[in-house]
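Data first, discussion second: the structure below is written as structure tokens.
The values are calculated or read from the model by the stated rules, or taken from the named source; none is laboratory data. Since the structure is predicted, the reported quantities are computational estimates derived from the model, not experimental observations. Ideal geometry is used to build each Cβ from the backbone, glycine not excepted, and the neighbour counts take in all protein chains shown.
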Amino acid sequence: MYELYPYYTNDGSVGLFSPEADDIYHSTYGALTEAYEKFVLPADFEKYFSKNNQIKILDICFGIGYNTKSFLNYFLEKILEEKISKKNMYIETIDTDNITCNDKIYTDNVNCENSLHESMEKTNFSNKNEKSDIKIREHDSVENKKIKIFIKAIDTDKNLAFLSPFFVTGKKIRRKEKINFHQDKIEKMLQKQNGKKLPKKRLKDETNIILLEKIIENHPEILEDAEIQQILYAKKYRRYFDRYLRGLFKFYKFEKGKYTPLSRLKAYLHNIYYRYISKRQKKALNTLKLLDFNFDLKIEDARKILSADDNIYNFVFLDAFTPAKCPCLWTVDFFRLLYSHLDEDGMILTYSNAANVRSAFIEAGFFVGKIYNDAAGKFMGTIAVKNKSLIKNELSEYDLGLLKTKAGIFYRDENLTGQNEAIIAAHEKEVETSARISSSKFIKQWKRVKS
Ligand SMILES: C[S@@+](CC[C@H](N)C(=O)[O-])C[C@H]1O[C@@H](n2cnc3c(N)ncnc32)[C@H](O)[C@@H]1O
């Protein structure tokens with residue numbers, strides 16, 4: 001049976017360990033916090049959405065989706081509300097069969113519409129009533145369109161991707177959490193963070209519900225997937241999954257398909273429906289109506305998917321295991337492929353500070369900068385862009401010096417089909433035979449000159 005190795009990280013979100021990669025998927029510092037600090041905040045989405053009403057994001061190594069979920073959550077909390085309050089949203093045709101008004105379920109359109117009119121007046125929406133539809137149009141000088149979001153997410157592990165909406169966040173952390181794998185290793189890593197108490201971080205309910213909706217829409221086979229059911233309902237994993245989301249999954253699996261359009265009204269009043277479709281889900285579905293949200297989840301090697309993809313992205317999240325474990329996604333050849341998929345004002349974000357990652361980006365044609373983490377007060381991660389003016393923190397003289405050492409020798413994968421082991425072996429050989437100085441020698445020399 002497929003095994004998960006979950007534990008709670010320091011911000012109350014679930015982190016995973018991979019025995020095959022002998023690596024953690026997420027920082028013990030806080031899986032969700034890390035996604036915010038390394039991917040979402042440096043992207044400056046507020047600035048982006050002040051000028052744009054559509055976005056294309058590529059999430060490479062989606063895993064259990066923290067980067068996509070953090071983006072969505074940030075978008076719903078910080079950007080959508082702002083856009084609505086500035087009245088530059090365009091809400092088109094709300095099907096009154098499917099909505100609740102003032103927290104009540106209406107079975108006839110007249111009452112529902114009346115109630116909706118009242119609530120819209122309160123929120124300053126103007127409206128136009130047309131039979132059973134309600135049209136709300138806010139004409140504004142900036143834009144009057146729905147916001148278009150397109151996210152392409154790629155991972156080779158189907159189980160992780162399908163389970164992504166179910167993981168709990170914001171859990172109260174028990175310092176002495178018992179886990180039955182690498183207890184010492186994980187505990188040590190968790191203790192290292194103990195000095196810094198992180199605030200608990202939670203995702204809005206809508207974020208996970210919207211993600212589940214989209215995954216089911218994209219991959220209906222999830223409802224019949226025996227492995228997913230096994231993991232979701234296994235006793236040993238129960239505390240890592242959200243009960244409500246599991247209930248919703250059950251509803252989709254056993255109930256939703258039975259409701260034909262004809263029986264919809266009846267079904268709407270049905271007990272089971274009440275039990276599973278709560279206010280939370282209706283809120284999520286109504287939020288979805290404000291967006292044109294396309295989520296394209298691919299379960300494949302990212303190199304293969306991107307080689308056959310013709311999208312141009314505004315943001316790329318690159319969250320592969322470290323270069324020494326998974327070099328195939330850090331090679332100069334893969335970065336050249338990314339170059340051809342990045343918008344002229346686009347940005348690639350990654351947590352890696354490695355000299356060979358930065359030199360590979362430069363070799364592939366990018367300008368490279370560093371990500372400054374305000375909370376930690378230090379540089380953590382790298383951005384790669386085509387438009388140099390997007391870089392806030394340039395590489396220092398020291399960083400550039402490191403790129404010229406053996407540590408700056410990048411990985412290669414000319415045909416984009418190499419196995420990690422072969423890429424590592426070829427890289428080791430190149431480092432061994434290189435005439436460059438070692439990074440340790442460079443660092444010593446640097447310290448001497450500086451002192
Ligand atoms: C560090 S984890 C990513 C964590 C993830 N962003 C999250 O929020 O959970 C690395 C991921 O890379 C995936 N992976 C490994 N090799 C890959 C490849 N060649 N193409 C796509 N995904 C890959 C693994 O399945 C794993 O989920």
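If we keep just the residues of segment 261-298 that are within 21 Å of Thr207 (Cβ to Cβ) and β-branched (Val, Ile, Thr), which is modelled with the lowest pLDDT? My answer is Ile277. Taking the numbered list (1) of a type in the set (A, V, I, L, M); (2) at pLDDT 95 or above; (3) more than 13 Å from the ligand (Cβ to nearest atom) in turn, Leu41 passes all entries but (2).
The number of residues in segment 393-416 being in a loop (DSSP other than H, G, I, E, B) and farther than 24 Å from Pro327 by Cβ comes to 2. Checking each residue in segment 413-427 for being under 27 Å from the mean Cα position of the chain (by Cα) and buried (at least 17 other Cβ atoms within 10 Å of the Cβ) picks out Asp413, Leu416, Gly418, Asn420. Those helices (runs of 4 or more DSSP H) of segment 146-243 in which 2 or more residues are at pLDDT 95 or above occupy 158-163, 205-218, 226-233. A residue that is surrounded by fewer than 24 Cβ atoms within 10 Å (Cβ to Cβ), among the polar types (S, T, N, Q) and at pLDDT 95 or above can be found somewhere in segment 53-65.
Restricting attention to segment 3-14, and to residues there that are part of a strand (DSSP E or B) and in contact with a Phe, Trp or Tyr (Cβ under 6 Å, 6 or more places away or on another chain), which single residue is nearest to the ligand (Cβ to nearest atom)?
Going residue by residue through segment 3-14, those that are part of a strand (DSSP E or B) are 6-8, 14.
Right, trim to in contact with a Phe, Trp or Tyr (Cβ under 6 Å, 6 or more places away or on another chain) and you get 6, 14.
On the way: Pro6: 11, Val14: 9 Å.
Checking each candidate, the answer is Val14.
Sub-7 Å Cβ pairs linking a first residue in segment 300-315 that is within 9 Å of the ligand (Cβ to nearest atom) to a second residue that is β-branched (Val, Ile, Thr), at least 6 apart or interchain, are Glu300/Ile154; Glu300/Thr156; Asp301/Thr156; Ala302/Ile60; Ala302/Ile154; Ile305/Ile154, ordered by first then second residue. Being among the aliphatic types (A, V, I, L, M) and in contact with a strand residue (DSSP E or B) (Cβ under 8 Å, 6 or more places away or on another chain) holds for only one residue in Ala320, Ala308, and it is Ala320.
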